[in-house]
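Here the structure comes first, spelled out in structure tokens, and everything after it is commentary.
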Amino acid sequence: MYPSLTPPRQVKIGDAAAFAGVTPRAIRHYHAIGLLPEPERGGDGRRRYGYDDMTRLLWIRKMADAGISLDDMRAAFGEARDEAGDEALDRAPDIESVLSRLEETLATQEAAIKRRRAAVQRLRAVGSPLGLLSELVTDRLSHLPPGALRPSDLDALLVTERIFGPLGAAIQAGRFIVLATHPGLQAEEDRLEAAEAALDDGVEPDDPRVEELAVQRCAHEMAVDQAIEAAGLDAAEEKIFEIYDAGLKGEEGTEMSAATAITKMPYDFSPARMRCVELAGRLFGEALADARSADS
């Protein structure tokens, strides 16, 4: 004789959740948003779920597994709650639009997965943290030996990439290539950075050391620029522009303008150091303009 298994006419929320593969909390949320009609309660005040409730719950689970949003599920079931209360309003399901949105979402997710996989491959190829920067940047620096870049160099590239995007960081990378391959220039860079860091709040902006250091920084940047040209890195930068224009724009988009981003990145420079930076930048711009005028 075979055992007789008699299914229950209704089940409690815990059994409903276990059968559907969801949590009781999820079921309560479905009730709250009008996706799953709230069933009658038993004598003990607890909800009781019948066959129709369970089939609806199973379809919800299937749609969730397919990546369909709760709002789209509600549209597909042809139900929506009005803003005033729990009254259900009939609405014709628009399955085609639901599927179109789902395809767009999946395409976005696939692109994100592709970018992450590429990032993992870069990390394996060039190491961390360099491999975390955009492909446009890591490709330009991957030929350098391990340890050639200082942590501060990588920090600077990271900030530049956030503000100006991968293209800006890839152009800046040329400077660090020169410093890493020219010990004399790197030593002068280290000396200048230490002297600039010494321009703390105890130094007045009009201190003669500020202008002297700005002149030295300008001369150093001119030497770096000449080394970039001598190494042919400026020609490589033109190729980078071509690659970027062709569509290889890196993994991250900037979420704000460069002008806005600059105001949100703290540097904690003293007034004296800020004056030194501004003066050195002005002197360098003038020196570049004079050099180009002489060449033309």
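The values are calculated or read from the model by the stated rules, or taken from the named source; none is laboratory data. Since the structure is predicted, the reported quantities are computational estimates derived from the model, not experimental observations. Methodologically, a virtual Cβ is constructed for each residue, glycine included, from the backbone with ideal geometry; neighbour enumeration extends over all protein chains shown. Calculation scope for accessible area: heavy atoms of the full protein, side chains included, ligands and nucleic acids excluded. Shrake-Rupley method; radii C 1.70, N 1.55, O 1.52, S 1.80 Å.
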Scanning the stretch 145-179 for residues that are over 22 Å from the mean Cα position of the chain (by Cα) and open to solvent by less than 20 Å² (accessible area, probe 1.4 Å) gives G174, F176, I177, V178, L179
Pairs returned, first residue in the stretch 3-25 that is assigned to a helix (DSSP H, G or I), second residue that is open to solvent by 100 Å² or more (accessible area, probe 1.4 Å), beta-carbon separation under 8 angstrom, 6 or more apart or interchain, are I13/R28; I13/R46
Just one listed residue, out of A180, A169, is assigned by the TED database to the domain that holds G232, closer than 16 Å to I262 by Cβ and in a helix (DSSP H, G or I), and it is A169
Of (1) in contact (Cβ under 8 Å) with a residue 40 or more places away in the chain; (2) in the same structural domain as A280 (by the TED database); (3) under 29 Å from the mean Cα position of the chain (by Cα); (4) open to solvent by 20 Å² or more (accessible area, probe 1.4 Å), E135 fails just (2)
Determine if the stretch 28-42 includes at least one residue that is in contact with a Pro (Cβ under 7 Å, 6 or more places away or on another chain), closer than 21 Å to F77 by Cβ and either of a type outside the set (D, E, K, R) or in contact (Cβ under 8 Å) with a residue 24 or more places away in the chain (or both). no
Worksheet item: Within the stretch 114-121, is there a residue that is free of Cβ contacts under 8 Å to residues at least 60 places away in the same chain and open to solvent by less than 60 Å² (accessible area, probe 1.4 Å)?
Response: no
Residues of the stretch 227-246 being at pLDDT 75 or above and outside any helix (DSSP H, G or I), in sequence order, are A231, G232
Check the stretch 75-89 and report whether any residue there is open to solvent by 40 Å² or more (accessible area, probe 1.4 Å), at pLDDT 80 or above and closer than 26 Å to A18 by Cβ.
no
Restricted to the stretch 206-236 and to residues being within 19 Å of G168 (Cβ to Cβ) and in contact (Cβ under 8 Å) with a residue 60 or more places away in the chain, the residue surrounded by the fewest Cβ atoms within 10 Å (Cβ to Cβ) is D234
Any residue at all in the stretch 34-56 that is at pLDDT 90 or above, within 23 Å of T105 (Cα to Cα) and surrounded by fewer than 16 Cβ atoms within 10 Å (Cβ to Cβ)? no
Of the residues in the stretch 247-268, those that are at negative phi, at pLDDT 80 or above and open to solvent by 70 Å² or more (accessible area, probe 1.4 Å) come to K264, M265, P266, Y267
For the stretch 278-296, the count of residues that are touching a residue at least 24 places away in the same chain (Cβ under 8 Å) and either open to solvent by 70 Å² or more (accessible area, probe 1.4 Å) or more than 12 Å from L213 (Cβ to Cβ) (or both) equals 4
